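Each remark here refers to the structure printed beneath this line.
A short reminder: the numbers here are calculations on the coordinates, not readings from a lab. If you're wondering where the values come from, they're calculated on a predicted model, not measured in any experiment. Reconstructed Cβ throughout: ideal geometry from the backbone, glycine too, with neighbour counts over all protein chains shown.
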Amino acid sequence: MNRNYSIALLPGDGIGPDVTAEAVKALRAVEDRHGSTLFSFEELSVGAGEYLRSGNPLPEPTFERLKDFDAILLGAMGLPDVRRPDGTEMTPQIELRERLDLYCGLRPIRLYRPEHSPLSPVDGRPLIDMLLIRENCEGLFFARHQKVDPAADEVRDVMRVSRASSERLFHSAFQQARKRRKHCTLVDKANVLPSMAFFRRIFDEIAREYPDVETNRIYVDAAALYLVQRPDRFDVLVTENMFGDILSDLMAGLIGGMGMAPSADIGPKYAVFQPSHGTAPDIAGKGIANPVATILSAGMMLDWLGLPEQGAWIWNAVEAAFHDPSNKTKDLGGDTSTTAMGDTIAALVRTV
């Protein structure tokens, strides 16, 4: 393997630069173990800070430049006090999903230590190991571009569900299920919303093409209940954009918080890898942010780049780090610093 992979770094705002630095550290450790240079990094400015500098959180030249890279590693974007004239926050990460057609949002959720979770173990079995797949480019988020009169007495958001987007999403979900435990659960609200009934009908059609994968269908409110009661029943869950946005946070809470939840936004040609968490400006620069989600996102990036062995080095290193119960950042109830956690994982990348 002699190829060098170009990686765009978008550290962004708040704790984004803190955790992105630790992910790069893990990737450099991958290079050390491999014995050669694999990655070239270029940092680009995107986010609320860039909006304050230039008036655009995602400048057009930067967006076009991103298309030249093999993959994009993102920290976090947006600040609660930096808003557009209409009152909404900066969300260039959503713009990237839409403009690069990153329709498939992968949100793996895994519990490394029982004490990280507010739940109790079930009969000694692994409690939580599942993958949420979120449609990224339409659903209820489709309405976000509408222009609203500030003086309006009523505002309506329209949920868009198309056959083409749903079909490709479900194919991705079933293909992921085949790599795991061969079970796929559709999460919808088909008992109330016609768009969700349509969504389910397409799911049923695609499911027939994967007879080896067991399926289930659950309404989103029931899914929230079952995720808390028996998360071990789930393998792959697939759902609409807004439902996925909400449930992925709930699922992260089951394993210790957002600092433990990586993600990948994948399209036909491009992909962005980032932690599921936000910018947490109140702890930015304090050295207490949990970098694990970003480091695991880097591992997902390696899988997507066709480096599964190297990606496994990162996943195995994170698991090995948590074999020591003292390795826990503040969000997990400990005092391990951001850099110390990154150092520990990087050292393990080289050896486990």
Practice prompt. Report the normalised scattering of region 60-112 as log10 I(q)/I(0) at q = 0.21 Å⁻¹, calculated by the Debye formula with identical scatterers on the alpha carbons.
Written response: -0.98
Fill in: At 1.567 mPa s and 4 °C, Stokes diffusion of region 127-266 via Kirkwood alpha-carbon radius, µm² per second
82
Practice prompt. Sort all Cα-Cα distances of region 270-312 into consecutive 5 angstrom bins from zero, then give the percent of pairs in each bin up to the one containing the longest distance.
Written response: 6, 21, 23, 20, 13, 10, 7, 1
Worksheet item: If you rank GLU98, GLU42, GLU240 by fewest surrounding Cβ atoms within 10 Å, what's the result?
Response: GLU42, GLU98, GLU240
Worksheet item: Among THR20, THR91, THR239, whose mean-square fluctuation peaks in a Gaussian network model of the chain (Cα, cutoff 10 Å)?
Response: THR91
Worksheet item: If you bin the C-alpha pair distances of region 205-304 every 5 Å from 0, what whole percents do you get?
Response: 2, 10, 17, 19, 19, 17, 10, 3, 1, 1, 0
Item to complete: Please state the charge dipole magnitude for region 66-119, taken about the Cα centre, from unit charges on C-beta atoms (+1 on K and R, -1 on D and E), reported in debye and rounded to the nearest 20.
Response: 200
Discussion item. I need the fraction of alpha carbon pairs in the chain separated by more than 34 Å, rounded to a whole percent.
Written reply: 24
Discussion item. Starting from 0.36 nm per residue, how many nanometres of slack lie between SER45 and ASP149 once their C-alpha separation is accounted for?
Written reply: 34.3 nm
Discussion item. Please give me the summed charge of the neighbours of SER36: other residues whose Cβ is under 15 Å from its Cβ, Lys and Arg +1, Asp and Glu -1.
Written reply: +1
Worksheet item: Can you put ASP70, ASP153 in order, fewest other beta carbons within 10 Å first?
Response: ASP153, ASP70
Worksheet entry | Inter-centroid distance (Cα atoms) of region 258-331 relative to region 180-249, Å | 25
Worksheet item: What ranking do LYS67, LYS147, LYS25 get, fewest neighbouring Cβ atoms within 10 angstrom at the top?
Response: LYS147, LYS67, LYS25
Fill in: Where chymotrypsin sites (Phe, Trp or Tyr not before Pro) fall in DSSP loop in region 240-340, at most 13 other Cβ within 10 Å
none
Practice prompt. Could you list, in their original order, any pairs among LYS25/LYS269; LYS25/LYS67; LYS25/LYS328; LYS67/LYS286; LYS189/LYS328; LYS25/LYS330 whose Cα atoms are separated by more than 28 Å?
Written response: LYS67/LYS286; LYS189/LYS328
Discussion item. Looking only at the chain, where both bridge partners belong to it, what percent of the DSSP beta bridges are antiparallel (to the nearest 5)?
Written reply: 40
